[in-house]
Amino acid sequence: MTTDLATPRTKATDQDRLRRQLQDYGVYYGVAVLLLVNILFTPHFLSTENFRTQAVQVAPVLIVALGMALAIGSEGVDLSVGSVMALSTSLISLYLGYGIWIALAAAVLGGAAVGVANGALVAFIGVQPIVATLALMVAGRGIALVLLPQLKDVHDPSMASLGSGDLLGIPYLVLIAAALTLLVAFVVRRTTFGRQLLAIGDSRPAARLAGLPVRRVLILVYVASGTLAAVAGVLATARLTASDPTSLGTLMELSAITAVVVGGTPLSGGRVRIGGTVAGAVLIQLLTATLIKHDLPPSWTQIAQAVVIVLAVYAARERGKR
Amino acid sequence: MLSAKSVSKTFPGVRALDEVDFTARAGEVHALIGENGAGKSTLIKVLTGVYTPDAGELTYDGAPVRFTTPLDAQHAGISTIYQEVNLVPLMSVARNLFLGREPRGRLGLIDFARMHRDATEALRDLGVTVDVRRPLRELGVGAQQMVALARAASVDARVVVMDEPTSSLEPREVQTLFGVIRTLRERGIAVIYVSHRLDELYEICDRVTVLRDGKVVHTGALADLDRLRLVALMLGREIETVQKEGLTSFTGTHDTETEPVLTATNLTVRHHLHDVSITIRPGEVVGLGGLLGSGRSETAKAIAGALPADSGSVTVAGERVRTGSTPAAIRAGISLLPEDRKAEGIVPGLSVRENIALAALPRLSRFGLVDEKRIDDLVDTFIRRLRIKASSPHQKVGELSGGNQQKVLLARWLAMHPKVLLLDEPTRGIDIGAKAEVQALIDELAEQGLGVLLISSDTEELIEGSDRVVVLKDGGTVAELTGPEVTEQNLLRAIATTELA
Amino acid sequence: MTTHPTPTDPVPPPSTPPIPSAPAPSWQDEATGPTRSERLSALAQQHGALVTLVVAVFAAWLSFDTFLTTDNLSNMAVSSAFLAVVALGMTFVIVTGGIDLSVGSLFALGGVLAAWGSRYGTAVALLLPLAACALIGLVNGLLIARSRLAPFIVTLAAMLGARGILLAVTDEGSRTYLVDKDSFFAKLGQGEALGVGVPVWITLALFVAGAVTLRRSRFGQYVYAVGGNEDAAALMGAPVARTKIAVYTLSGLCAGLAGALNAAWLVSGVTILGSGMELEAISAVVIGGTLLTGGFGFISGSLVGVLLLKVIQNVINQIGSLDSAYQQVVSGGFLAVVVMAQTWLGRRRRVL
Amino acid sequence: EDDASDDKSAAGGEAGQAVSEQGGKTCAIGAYGGKKLDLKDATVGFAQSEKEANPFRIAETASLKAEADKRGVKLLTANAQSQFSKQISDVQDLIAKGADLLVIAPLNSDGWEPVLRAAGAKHIPIVTVDRKINATACKDYVSFIGSDFVEQGKRAADQMIRTTGGKGKIAILLGAAGNNVTTERTKGFEDRVKEKAPGLKVVFKQTGEFAREKGQQVTEQLIQSKPDITGIYAENDEMGLGAVNALKGAGKKAGDVKIVTIDGTKGAVRGIVDGWIDGVIESNPRFGPLAFQTLDDFTRGKKVGQDIVIKDSAYTKDNAKSDLNKAY
Ligand SMILES: Nc1ncnc2c1ncn2[C@@H]1O[C@H](COP(=O)(O)OP(=O)(O)OP(=O)(O)O)[C@@H](O)[C@H]1O
Ligand SMILES: Nc1ncnc2c1ncn2[C@@H]1O[C@H](COP(=O)(O)OP(=O)(O)OP(=O)(O)O)[C@@H](O)[C@H]1O
Ligand SMILES: O[C@@H]1[C@H](O)[C@H](O)CO[C@H]1O
Ligand SMILES: [Mg+2]
Ligand SMILES: [Mg+2]
């Protein structure tokens, strides 16, 4: 690009650059450090089996986090994702009798429907996202339990192979998560929807006056988040070979938000980092794995998580104006 | 009284202040001028503790000082009105006025009765009568500015800093303000005054410091400097080139067609407008005159669908436009450059490039996918054509100076190829150079057949720029001046007579 | 609770004489003041929770003869007291535009520390949890105000960290410290005055103090200013960072105190308390009319919000046979309806 | 009062509870306070602790409801959804609502003082089921009916020692942290192992939070880092089934890793039949008949046991198939 831009009066200093580097890539360094620590100190860490386990476990969290990243980018948040997973697992069990495809469709539509409800509350009524989705978080799990009041085993063979099968050694779960990650990254970077989403997240009034379809974009954001959470619910069900609406997805909203924020997406909206989100989810997964593998007690686990979260967001923080 | 020695301040990619020396003396009104982005606001923020300088030092009363927060500066007796109205909209007028120095009674609790009395009085002194218990946001921009002024003036300050205090004031309020400034000067207070309006400077200021690109290019008595030299210093150009450009850059009247491109009929918005009708013909610049709060901005917003109208209709080129919908208005070819650039115009975190392309995105994409190449071309064109100063198209708009932000917004709308352009205070807070460019641009657009609605508190600009002026008062149309009737006197008379009615 | 509900004014207007001659600017609102219906909806927004509460109480009274009994009311009062104290601190945080997710864990930690400390006397039983929870609140505040980290994520980490500390103190949750039933500390939870439980009195006193602080102290003005427009507040000389640090410390303090009082009431430091309490407290504050975006809200509303949540739960129990799944659907639906009504009522006034 | 009637009163085909020991001490209405009444005219309040989603809770609530129906007693229910504070106010609400008698399935053993005082003031008889309350029987409450969790842990240890031959490395999937069921089942197991089979080492203890998914995830990590694990003790069936999933996913075969769990749900007992699980210690949730019988006896003025510990059976290869219908 060659334009007659005014030349900047100074160049960015090296210190600036280093700081930016840390700010932008801190989470990747974190992942690298944890990998290194594990390779050195955790027995049997360097094995394909182990990496496969970590990848499979992180897949549902990552898929939920992708939707969460969109919601956060629009200056919102979606607390209902965990309940949507529960709803989707209930719907699967309920409709499995009609065939696997119908069950899958029902589960995903259920998630999308919650997304529509969230989106409508946020976009049309103007309820703040955190409260709107809190209401659906409470009600959503209730509905899931009304539909399927108890844990139920899922015996469907195609569900079982979805949960544990693989293609060329890569588990379906991981493939699906990777495909969805690429899709969402593409949407954020290359589509009008992505640009509009960021503008809305950065300045809602300006976006509105610029004629952007604010409501449509917001509804789509929550529909995407709900749908992705439902997909995660399907995958978790397939892996568990059971529908457990009581505990499936509990605290998932917090894990997903953590992954997104640790990955460098600011909660104040206007920016979405998909690569960072992947790294954030992987960081939390590796940390949990490390703590479990070394058999540390729950007190340690919780404190360590707290410390790592703070360190990660501290490294990625936007510096003050001074 | 307050001075800076060799002060420098660098932002990522920009050296906003470069070894600046500056002194404000007791009992003088010191003008600080320069183009957009010259570093005026930055200097003020350094002087008042918002920013800490990278190098150099401040002295106050002869002793070196270091303010680390605005509070430090306030405690030291420096009171400031910052460039953007910086108050808390949800809090009441009185609470805003007295934040941090509320009168306190027993138990250290705030004495509201006294606070309200004092606030009412302080505002009344400035000719503003409002219920001080109402939320500040219910006041117009101008009234808010007066509240900020009252706040600054009611402190026992020894230095008062004003960064473009008049940009949203009417002539009458400007006079009130000057009255206040004169009293301050008589009391031996140092006043630092930033404005792009040269008339004002000559009316009220004693000395002047000119900044260009972060450097001081001149300091001295204002009387020693004539207008042309002043402008030449600011712009860094020869006097002759400046001379040619005149006061405003409007060329006069335009050839207009007879069929209106926009017809707004009987627009009514409860509390804001009643039965406002306006027509704009292609190639015509229609001015909208009136006092603060007369409903000019609301008229523009109602036409652009940004304010839902209770009744009335808008047609563009004969086609009825759905009211209350910005996208519908934009599709019909109406573009609005909003008054509050910071809150409603720019998307600060996005780049210059994304901001320019924002509204036109659907046109710049295929199947919902963005066409980067076409955006680059478009952005390139506009950056060059409007001479937007940015370190790169990828610089965040929030980091640009006000004038350049405004140009980015203009670019955003011009990229839409609108039929009608509604400009609400398009040159507010813009330096002379940029102002001239924007004005010339408005002219050029009209010539190309665009219909323009121009709202401006700068009477001169309104008169010289418009072919026709519609005067509003209290949300209703009260007069319309056409052709030769468009003079400053007629405009003032229209506003004045209606005020008696 | 005698505070006025809007941040615009707590005191009757001073009788200012009308200014006759001065050229009155046109933003005087004689002609264009709010209409009757607008004024009504404004009132409804501010007192929406109170109206809903009154309606709910009335409906419950008509439907269940065991609802409006002294027993039931005093039970509800005592068991709401702890959440109310947590919500009190949360209100300050939310008015500054922040959020505090750590309160549930701090509530539990406060209780455990109080029970542990009670063997060394009432002073320790109270001061230990207060100091510990205030300290964690202070760390939250420092990270948020000085390092500019997002409140959501900082307090989320604190929620995990405080729970971790609790587990460490209790042998991974396997030890429950007990409070001596006859100690003075236990009286703070168990005692009654004028037929009303001591925790209720303490809560009321705290709410009065909190309301006065928020509405009538300079600190309170700073809290509103920081939430209303942080940059402006800073430029006006408000100590933004200190205000933020103070509200998170206060919130931690409130959560710890609530936990300690709760431990005195239960006479033990129960380890499994407090999960989900942060969301309950936030709901109560929001239902009470405080804007989650900050700058607007009032203490009395939060109390009403807590009571409203309590009444709903009580009514569900009054029905006595509602499936636990339906209970959640009802609660979630109710929350949605309340915030929708509030937003809808508030929208007409929002000028934007 | 031995409950010979119990087997009959249990819902068809399922195994009702049987009392194993009555601990000697008894309680009668005179000692406790309060007046006699006829259970048929009384209102009973039941405070459930967790959502009825876990098979244990489903069976527990259903059993109480069925028995109330059968006896024509009015039953009020409340569910604390795993929140202890809510359970306290639930019970208070039940009292205020007019419950004459209370059956409580406590979420936690400590922290019941306010409830006990309120009930004590009105002399409302309380029977706690499943978990115990730390208070004085026959003063603060009438009696406790339920299992001995320490004992369950010990029996699980016995089963583990039997199937592993007393040698090898053992992992424990703990229940929810801070819960006394977890604490006691761990204590019983570890004490017994230490005492009886020093060759059996507990090398891994992580919480699976009583949930299948968590149990699966933890086990997946476990078999990566400790591939030579001999046995897994899961403190409830759900986590045990999660462990089975993990082992299957890692390509292990049934029997490679020995699994012992507690509860006796259908899924786990079927796991024994399939060969993946080696033993299930029962924790019988069908408290309805026994609880109502106790209340009935008590309010009639008869003596009832203070500590009614039920006889939990166990499922192994030998009886899993035949007793599958007894599982819940
Ligand atoms: N926070 C910031 N971050 C980065 N750059 C900044 C920031 N604030 C100001 N600048 C840059 O510093 C330079 C000086 O800006 P400043 O606001 O002082 O100009 P000004 O003279 O007040 O202009 P105007 O007349 O438009 O108000 C500009 O180039 C601007 O882009
Ligand atoms: N009582 C009131 N309630 C609500 N809003 C009010 C009230 N009085 C005035 N306002 C608002 O204050 C604003 C007046 O200032 P504003 O600057 O927008 O007016 P304007 O005519 O557009 O002038 P300008 O061109 O200077 O902006 C209007 O938005 C008006 O609706
Ligand atoms: O005994 C029961 C069951 O084991 C259940 O799985 C958890 O709660 C306990 O009380
Ligand atoms: Mg400036
Ligand atoms: Mg205006």
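So that you can scan it fast, the table gives a plain yes or no per residue for (1) away from every other protein chain (no Cβ under 14 Å); (2) more than 21 Å from residue A:61 (Cα to Cα):
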{"position": "A:77", "(1), (2)": "no, no"}
{"position": "A:82", "(1), (2)": "no, no"}
{"position": "A:91", "(1), (2)": "yes, no"}
{"position": "A:99", "(1), (2)": "yes, yes"}
{"position": "A:104", "(1), (2)": "yes, no"}
{"position": "A:111", "(1), (2)": "yes, no"}
{"position": "A:119", "(1), (2)": "no, yes"}
{"position": "A:127", "(1), (2)": "no, yes"}
{"position": "A:130", "(1), (2)": "no, no"}
Among the candidates B:488, B:444, B:464, B:437, single out the residue that is free of Cβ contacts under 8 Å to residues at least 12 places away in the same chain and away from ligand 2 (no atom under 16 Å from the Cβ).
-> B:444
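Every residue, every condition in (1) in contact with a Pro (Cβ under 6 Å, 6 or more places away or on another chain); (2) modelled with pLDDT under 90; (3) farther than 24 Å from residue B:458 by Cα, yes or no:
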| position | (1), (2), (3) |
| --- | --- |
| B:191 | no, no, no |
| B:199 | no, yes, no |
| B:204 | no, no, no |
| B:210 | no, no, no |
| B:217 | no, no, yes |
| B:226 | no, yes, no |
If we keep only residues of region D:50-76 that are more than 12 Å from chain A (Cβ to nearest Cβ) and of a type in the set (Asp, Glu), then the residue nearest to ligand 4 (Cβ to nearest atom) is D:60
Hey, residue C:270 in a loop (DSSP other than H, G, I, E, B), at pLDDT below 95 and within 30 Å of residue D:177 (Cβ to Cβ) or not = yes
Expected single match for surrounded by fewer than 16 Cβ atoms within 10 Å (Cβ to Cβ) and modelled with pLDDT of 90 or more among A:176, A:170, A:92 is A:170
Mind listing whichever residues of region B:338-377 are surrounded by fewer than 24 Cβ atoms within 10 Å (Cβ to Cβ), more than 7 Å from chain A (Cβ to nearest Cβ) and of a type outside the set (Lys, Arg)?
-> B:339, B:340, B:351, B:360, B:364, B:367, B:371, B:372, B:375, B:377
Determine whether region C:139-162 contains at least one residue that is at pLDDT 90 or above and within 14 Å of chain D (Cβ to nearest Cβ).
-> yes
Could you tell me whether residue B:133 is farther than 17 Å from residue B:83 by Cβ, in a helix (DSSP H, G or I), more than 16 Å from the chain's Cα centre (by Cα) and in the same structural domain as residue B:228 (by the TED database)?
-> no
Give the residue that is surrounded by the most Cβ atoms within 10 Å (Cβ to Cβ), with candidates limited to residues of region B:240-273 that are at pLDDT below 90 and in a strand (DSSP E or B).
-> B:273
Please determine, by comparing only the residues of region C:173-198 that are outside any strand (DSSP E or B), more than 29 Å from residue C:162 (Cα to Cα) and touching a helix residue (DSSP H, G or I) at 6+ places or on another chain (Cβ under 9 Å), which one is farthest from the other protein chains (Cβ to nearest Cβ).
-> C:194
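With respect to residue C:137, is the statement that it is touching a helix residue (DSSP H, G or I) at 6+ places or on another chain (Cβ under 9 Å) and surrounded by fewer than 24 Cβ atoms within 10 Å (Cβ to Cβ) true?
In short, no.
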Give the residues of region B:91-112 that are among the hydrophobic types (A, V, I, L, M, F, W, C) and either farther than 25 Å from residue B:429 by Cα or surrounded by fewer than 19 Cβ atoms within 10 Å (Cβ to Cβ) (or both), sorted by residue number.
-> B:91, B:94, B:98, B:99, B:107, B:109, B:110, B:112
Hey, can you tell me all the residues within region B:30-55 that are in a helix (DSSP H, G or I), more than 16 Å from the chain's Cα centre (by Cα) and either within 16 Å of ligand 5 (Cβ to nearest atom) or not hydroxyl-bearing (Ser, Thr, Tyr) (or both)?
-> B:43, B:44, B:45, B:46, B:47
Output for region B:113-169, where each listed residue is surrounded by 23 or more Cβ atoms within 10 Å (Cβ to Cβ), within 16 Å of ligand 5 (Cβ to nearest atom) and either at the interface with another protein chain (Cβ under 10 Å from one of its Cβ atoms) or without any contact (Cβ under 8 Å) to a residue 12 or more places away in the chain (or both) = B:136, B:139, B:143, B:146
Only one of (1) more than 14 Å from chain D (Cβ to nearest Cβ); (2) modelled with pLDDT under 95; (3) in a helix (DSSP H, G or I) fails for residue A:52. Which number is that?
-> (1)
Residue ID - farthest from residue C:267 (Cα to Cα), chosen from residues in region D:95-117 that are at the interface with another protein chain (Cβ under 7 Å from one of its Cβ atoms) and outside any loop (DSSP other than H, G, I, E, B) | D:96
Flag if residue B:297 is within 16 Å of ligand 5 (Cβ to nearest atom) and either on the phi > 0 side of the Ramachandran plot or of a type in the set (Ser, Thr, Tyr) (or both) | yes
Among strands (runs of 3 or more DSSP E) lying entirely in region D:123-202, which contain 1 or more residues that are within 14 Å of another protein chain (Cβ to nearest Cβ), in contact (Cβ under 8 Å) with a residue 24 or more places away in the chain and more than 16 Å from ligand 1 (Cβ to nearest atom)?
-> D:168-174
Cβ-Cβ below 7 Å, separation at least six or inter-chain, first residue in region B:390-406 and farther than 14 Å from residue B:14 by Cβ, second within 16 Å of ligand 3 (Cβ to nearest atom): which pairs?
-> none
Expected single match for under 14 Å from the mean Cα position of the chain (by Cα) and among the acidic types (Asp, Glu) among B:474, B:458, B:467 is B:458
Consider residue C:261 carefully, then state whether it is assigned to a helix (DSSP H, G or I), over 21 Å from residue C:202 (Cβ atoms) and touching a Leu at 6+ places or on another chain (Cβ under 7 Å).
-> no
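The values are calculated or read from the model by the stated rules, or taken from the named source; none is laboratory data. Nothing here was measured: the structure is a model prediction, and the numbers come from that model. Cβ: placed from backbone, ideal geometry, glycine included. Neighbour counts: every protein chain shown.
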